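Since the structure comes first, as structure tokens, the remarks are kept for the end.
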Amino acid sequence: MSQYEGVQQSVDKEKPSTSDSPRDVVVVGGGPAGLSAALVLGRQLRTVTLVDSSQYRNAPATESHMYLGSDGASPQDIRERGREELAALPTVTVHTSEILGVTSENGLFVFRCGDGTEISSRAVVLATGHRDLPSNIRGVAQRFGRSIVHCPFCHGYETRGRSIAVLADNPAVAAQPAMQALYLRTHYSDDVALCTGGTEIPEALREVLSDHAIAILDAPISSVTGESGALTIEFSDAPSLSREAIFYVPRYEARSTLATDLGCENDGPYTLVDHCQRTSVAGVYAAGDIAKIRGADVPLSFISQAVAAGQAAALWCDQDLFIAENHLQSVLTPSK
Ligand SMILES: Cc1cc2nc3c(=O)[nH]c(=O)nc-3n(C[C@H](O)[C@H](O)[C@H](O)COP(=O)(O)OP(=O)(O)OC[C@H]3O[C@@H](n4cnc5c(N)ncnc54)[C@H](O)[C@@H]3O)c2cc1C
């Protein structure tokens, strides 16, 4: 099937002029990926509705890092600046609601929102993100993103020189916390402990950790109390451990089922895309944390990556619409 077919059927439609008319594109999700996609599409004078249920993955964090020009800014500030830029574009509407369902008929996607609104469009950019799953360890969920952080690249610098613990509670990824402990020890601190909670760590890796003077505590973890700078890890049958910083990597899942509802090919929590952010369903693009390029490694979950992918999704979505509108498919796809 040609990549242009999904948008082909609506090629002769006039540009819609009312909000009840089909939009060119619905962008689902108002995190960095969705905001970036809506900005690019709006600037191409595409009519866009961005629908957002405002449950951002990094909502608990007070600071975000590594986003050029905004290092240290709060995630909320970054989103607000993005929203302000969208507000200047008359072709972009932002709608706060959750999309509960979608159908696809006659070249149009029809979205049903939680507030009863129905919105239709010729194409869709899914930027619905991931949801981190709560830990089994008491006290971790409410501290996650603030006093307990997940990523040395995002937040390691702020923990340099501090006493650090890495918590493990997922046997499926036993090596990951061990590797993280080693990474933190080699980059940021002489005082790193790995609290395995009994999770099995390969013997060879244990030896490497010991060689780097990383304490390995295998007792079951019962809770975390305190806040950043003065945290305490309680064990069920061992003395408690005081730490200034704690790292913990949660499991995660796709926040929305819209991609699978639309029939997009997926790989666990990821919607598979090509290098132009096209999913396996024509007219549907995905960007940000949910999108993974087919055959690639697990993608990087960073703001800059989400912004870049949202931009790419928007650009190729616009180009596919443009090609369909101008009947260029046969010119660009030579017949065999
Ligand atoms: C605690 C924490 C701290 C982080 N710190 C950093 C950092 O310092 N630097 C960095 O680069 N990265 C950081 N990250 C990673 C970064 O937050 C993500 O990579 C980025 O937010 C992904 O953006 P996104 O647009 O894909 O998803 P999100 O920002 O999660 O946005 C997805 C949006 O889609 C909406 N949505 C989902 N389903 C629907 C639906 N059905 N209808 C309507 N809306 C829907 C959600 O409500 C949400 O608003 C951090 C992550 C976490 C968890």
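Each value in this text was obtained by applying a stated rule to the coordinates, not by laboratory testing. Nothing here was measured: the structure is a model prediction, and the numbers come from that model. All Cβ positions, glycine included, derive from the backbone under ideal geometry; neighbour counts span all protein chains shown.
For the reader, a short list of remarks on this structure follows.
- Here the Debye sum runs over all C-alpha atoms of segment 132-206 as equal scatterers in vacuum, and log10 of I(q)/I(0) at q = 0.18, 0.25 Å⁻¹ comes out as -0.73, -1.31.
- Scalar couplings 3J(HN,Hα) for segment 29-40, obtained by applying the Karplus form with A = 6.51, B = -1.76, C = 1.60 to θ = phi - 60°, are x, x, x, x, 5, x, 4, 5, 4, 5, 4, 5 Hz; x denotes Gly and Pro.
- For segment 41-133, the extents of the C-alpha atoms along the principal axes are 46, 35, 20 Å, listed from largest to smallest.
- Exposure proxy shown here: for Phe109, Phe302, the number of other Cβ atoms within 10 Å sets the order, fewest to most, as Phe302, Phe109.
- Extended-chain gain in nm, criterion 0.36 nm per residue less alpha-carbon gap, His212 and Glu200: 2.4 nm
- Divide the volume of the convex hull around the Cα atoms of segment 73-196 by the residue count and you get 178 Å³ per residue.
- Overall size of the chain from C-alpha positions, given as principal axis extents largest first: 71, 44, 35 Å.
- Local electrostatic count, Tyr248, Cβ distance below 14 Å [Lys/Arg +1, Asp/Glu -1]: +3
- Computed from phi, the 3J(HN,Hα) profile of segment 147-152 under the Karplus parametrisation 6.51, -1.76, 1.60 (θ = phi - 60°) reads 7, 10, 10, 10, 10, x Hz, with x in place of Gly and Pro.
- Residues Val102, Val249 arranged by fewest to most Cβ contacts within 10 Å: Val249, Val102
- A P(r) calculated from all alpha carbon pairs of segment 296-336, with 10 Å bins opening at zero, reads 25, 33, 23, 18, 1 percent.
- If you wrap segment 257-336 in the convex hull of its Cα atoms and look at it from every side, the mean projected area works out to 6.1 nm².
- Spacing of the two label points (7 Å from each Cα toward its C-beta) at Ala174 and Leu100, in nm: 4.5 nm
- Most to least packed among 269-281, 318-330, 31-43 [average Cβ atoms within 10 Å]: 31-43, 269-281, 318-330
- Stretching the chain fully between Thr260 and Gln319 yields a gain of 18.8 nm (0.36 nm per residue, less the alpha carbon separation).
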